[in-house]
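Here is the structure we will look at.
The values are calculated or read from the model by the stated rules, or taken from the named source; none is laboratory data. This one's a predicted model, so the numbers in the text were calculated from it and none came from an experiment. Positions of Cβ are backbone-derived with ideal geometry, glycine not excepted, and every protein chain shown enters the neighbour counts.
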Amino acid sequence: MPTRDKNLVAAPRLAPLRWLTDMANIGSCELQSRLRQTLTGSALPMALGCANSATVALIAYFRTGSSIFLWLALLDVIVLCIRWAATSPLLRPWYADLVLLCGVSWAATTATTTLLISLGDDLDLIILVTASAFGSCAGIIAHNFAAPRYALLQVIMIDVAFKVAFALRSPLFIPLLSVQAVIFVVVVRWIMRRQRNTTVRAIRAEIESRIQAFNDPLTGLLNRRGFQARADEMMTSKTPLTLFYLDLDGFKAVNDQMGHAVGDELLRQIAQRLRDCLPETTICRLGGDEFLILTPGMDRRLAQSTAARLIHAISTPYLIAETIAKVGVSIGISTVDAENSDLIAATALADRALYQAKASGKGHYILADDVAGETCGANANVLNHAFGADI
């Protein structure tokens, strides 16, 4: 689809979490959202992590009888419940914050369990919790690489718990542990940076591929396929839409006299003027010098004033390569019915109105309601290339 995925996750609201997951240097908002989705999109990693740490805590409780391990296991269950609850519509605005806080809380309970068991004398438990801690760190690196600061916070919490217990048992190893901690952090950052860069390249390639499939390469506007997809999306709301069919007046003369390079630049500038006149609107270049604009439904007066504004904007002279270029535009206007949502029929009506506008002297707009039904015009085959086999 040419639009962004509505399921993409917004940035967290809390400032510390925004800093931990900062992706400002990555690129576009869509790219950042896609990366953030890899971080918070699935509850499975959290479920597996909580199940693992709760199991270790329960084993420690049954072997030692210490109730603190029972409480740690209960905390893991609570964290997991909050993670699932975060998907509810009521909590959706805080979804990212809750998911990230759950991740930090889980790392804290894992670190606490690791520290307490490592300070004990049960060698079997120490081996179990050490293996569990290293496995948790590996899972964090593999899943949370999109936010290195956040992942490092979780990993360091767990790693420090193990190292503190080891240092208390064997103080002579503190210098070695310190050196190892620095090396560990450097290596973890390097691994996550490489993994994130690889993911960023893959997402960028997918976005670029989608843009090429749905956008006109010259103007950046939607192409026919992209327009059809966006129109289908708009028509699901079952509200009336207004369709403007634009055809430039005098473009061929400019293209022939000044060259294709000037013609291409002229089309780019026209596309920008259309965006400026109607921002956040569905605009398509059909090909050549024809354009379609689809907007939420307008009454007759607003459609007329909008068309007049478009004619004025496009007819204003253009400065291209120190040369003044002038073109005009004719516009046909129709309505996409809220119930039938027949875009092809609406385009046919707009095309008839456009033909009538050109026949009346160009540089005009006409509403389809004002055109006799039998007037088909020279462009009656427009539907064949506007919504043909490539849609």
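What to note about this one:
- Filtered residues of region 178-197 (kept if of a type in the set (A, V, I, L, M, F, W, C) and closer than 15 Å to MET157 by Cα): ALA181, VAL182, PHE184, VAL185, VAL188
- Just so you know, in region 266-303 the residues that are small (Gly, Ala, Ser) and closer than 23 Å to ILE211 by Cα include one that is surrounded by the most Cβ atoms within 10 Å (Cβ to Cβ), and it is ALA271.
- Test: residue in region 151-166 that is free of Cβ contacts under 8 Å to residues at least 60 places away in the same chain, buried (at least 19 other Cβ atoms within 10 Å of the Cβ), among the acidic types (Asp, Glu) and in a helix (DSSP H, G or I): yes
A quick yes/no check of all residues on (1) crowded, with 20+ Cβ neighbours inside 10 Å; (2) touching a residue at least 40 places away in the same chain (Cβ under 8 Å):
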site: LEU31; (1), (2): no, yes
site: LEU48; (1), (2): no, yes
site: ASN52; (1), (2): no, yes
site: ALA60; (1), (2): yes, yes
site: TRP71; (1), (2): no, no
site: THR110; (1), (2): yes, yes
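- Answer residue from region 316-351, given it is surrounded by fewer than 19 Cβ atoms within 10 Å (Cβ to Cβ) and part of a helix (DSSP H, G or I) and is nearest to the chain's Cα centre (by Cα) among those: ILE344
- Residues (buried (at least 20 other Cβ atoms within 10 Å of the Cβ) and among the β-branched types (Val, Ile, Thr)) located in region 167-196: VAL188
- Of the listed requirements (1) touching a residue at least 24 places away in the same chain (Cβ under 8 Å); (2) out of contact with any Ser or Thr (no Cβ under 7 Å at 6 or more places or on another chain); (3) surrounded by 19 or more Cβ atoms within 10 Å (Cβ to Cβ), GLY263 misses just one: (1).
- Beta carbons closer than 8 Å, at least 6 apart along the sequence or on distinct chains, pair a first residue in region 132-147 that is over 20 Å from PRO16 (Cα atoms) and part of a helix (DSSP H, G or I) with a second that is among the acidic types (Asp, Glu) and modelled with pLDDT under 95 for ALA133/ASP159; CYS137/ASP159.
- Residue satisfying all of: in region 284-305; aliphatic (A, V, I, L, M), at pLDDT 95 or above and under 13 Å from ASP247 (Cα atoms); farthest from the chain's Cα centre (by Cα) among these: LEU292
- Criterion (assigned by TED's automatic domain parsing to the domain that holds THR110, modelled with pLDDT under 95 and not in a helix (DSSP H, G or I)) met by exactly one of ALA10, ALA24: ALA24
- Whether a residue is under 24 Å from ARG196 (Cβ atoms), surrounded by fewer than 20 Cβ atoms within 10 Å (Cβ to Cβ) and touching an Asp or Glu at 6+ places or on another chain (Cβ under 8 Å) was assessed, and LEU14 passes this test.
- Of the set (1) farther than 30 Å from ARG194 by Cβ; (2) in a helix (DSSP H, G or I); (3) in contact (Cβ under 8 Å) with a residue 12 or more places away in the chain; (4) within 31 Å of the chain's Cα centre (by Cα), all apply to THR87 but (2).
- Residue in region 305-320 that is charged (D, E, K, R) and closer than 23 Å to MET234 by Cα present: no
- Test: residue in region 114-123 that is acidic (Asp, Glu), at pLDDT below 95 and assigned to a helix (DSSP H, G or I): no
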